[in-house]
C-alpha cells in the first residue's frame, strides 16, 4: 500500500469521528468536518512518528496551519501535532525538526493548563536542546511550575524506584531510564542558562555608558 493510500484510509477513518462530533448540514458544518479530519490525520501521523506520512501530508496540503486549534462543537480541543509527537516515547529528532520546519510553534500551549512542548514527559535531552535553539521558552509555566521545576520533580520522582516486590506491577527498569532522561534534560537547561548568563554581560559591555556634560 502506498503512503498516499494509507493517508486516504486515515481520512476515511477520522472523517467518521468528525461526523459524529460535528452535527448539522451545510457548508459550515462540512468545512468543520474536513478541517477536523485533516487535524486528526496529522496528529495520528505525528503521534506515530511517521515522517514519510508527514511529508506526504504536506505535499497534499503545503499551506496547512499545524498550530491551528481543532475546536469541535462541544468544546473538544485536540493537541497540536508537535504536542502529539512528544506524547509518545522515543520521538525521533527528525520528526520534531520536520514539524518545526513546517511552522510548528515551539511555545504553543493550546489551552490554559495545557503543557507547552518543553513540559512534555517524553522530551529527550537532544530534543530539548533543539527546541531551545529554535526559541522555546524555558520560563513558560505549566501545572508543575517552570520547565526546570517540572523536570526537577520528575528527576526526584524517578530517583527512587519501587522495590522488587512491585516488579509484576511496574517496569522498575523504566524508573532508572526516566531518571537518567530527566537528569539529562536538566543538564541541557543548565547549559542553556549558563550560555544566556554569559551573553547578557557581553551585551551590556557593548553599550557604552552615556557621558555627562563636561564641567569646567
Flagged in region 148-167 as surrounded by 14 or more Cβ atoms within 10 Å (Cβ to Cβ) and either without any contact (Cβ under 8 Å) to a residue 40 or more places away in the chain or under 13 Å from the mean Cα position of the chain (by Cα) (or both), in numbering order, are 150, 151, 152, 154, 155, 158, 161
Answer yes or no: is there a residue in region 94-108 that is farther than 21 Å from residue 57 by Cβ and either at pLDDT below 95 or loosely packed, with under 15 Cβ neighbours inside 10 Å (or both). yes
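For (1) in contact with a helix residue (DSSP H, G or I) (Cβ under 9 Å, 6 or more places away or on another chain); (2) at negative phi; (3) at pLDDT 65 or above; (4) buried (at least 18 other Cβ atoms within 10 Å of the Cβ), each residue gets a yes or a no:
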{"residue": "7", "(1), (2), (3), (4)": "yes, yes, yes, yes"}
{"residue": "15", "(1), (2), (3), (4)": "yes, yes, no, no"}
{"residue": "39", "(1), (2), (3), (4)": "yes, yes, yes, yes"}
{"residue": "43", "(1), (2), (3), (4)": "yes, yes, yes, yes"}
{"residue": "55", "(1), (2), (3), (4)": "yes, yes, yes, no"}
{"residue": "61", "(1), (2), (3), (4)": "yes, yes, yes, no"}
{"residue": "65", "(1), (2), (3), (4)": "no, yes, yes, no"}
{"residue": "74", "(1), (2), (3), (4)": "yes, no, no, no"}
Here is a list of conditions, (1) out of contact with any helix residue (DSSP H, G or I) (no Cβ under 8 Å at 6 or more places or on another chain); (2) modelled with pLDDT of 90 or more; (3) not in a helix (DSSP H, G or I), and residue 190 meets all of them except one; can you say which number that is? (3)
Kindly establish whether residue 133 is modelled with pLDDT under 95, loosely packed, with under 15 Cβ neighbours inside 10 Å and out of contact with any strand residue (DSSP E or B) (no Cβ under 8 Å at 6 or more places or on another chain). no
Could you tell me which numbered condition residue 117 fails, if it satisfies all but one of (1) farther than 19 Å from residue 80 by Cβ; (2) at pLDDT below 95; (3) buried (at least 18 other Cβ atoms within 10 Å of the Cβ)? (1)
Could you look through region 76-93, keep only residues that are over 23 Å from residue 178 (Cα atoms) and surrounded by fewer than 17 Cβ atoms within 10 Å (Cβ to Cβ), and pick out the one that is modelled with the highest pLDDT? 77
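So, residue 136, is that one in a loop (DSSP other than H, G, I, E, B), closer than 18 Å to residue 53 by Cα and either touching a helix residue (DSSP H, G or I) at 6+ places or on another chain (Cβ under 9 Å) or in contact (Cβ under 8 Å) with a residue 60 or more places away in the chain (or both) or not?
No; evaluated as a whole, the condition is false for this residue.
The values are calculated or read from the model by the stated rules, or taken from the named source; none is laboratory data. From a predicted model like this one, the values you see are computed outputs, not experimental measurements. Virtual Cβ from ideal backbone geometry, glycine too; neighbours counted across all protein chains shown.
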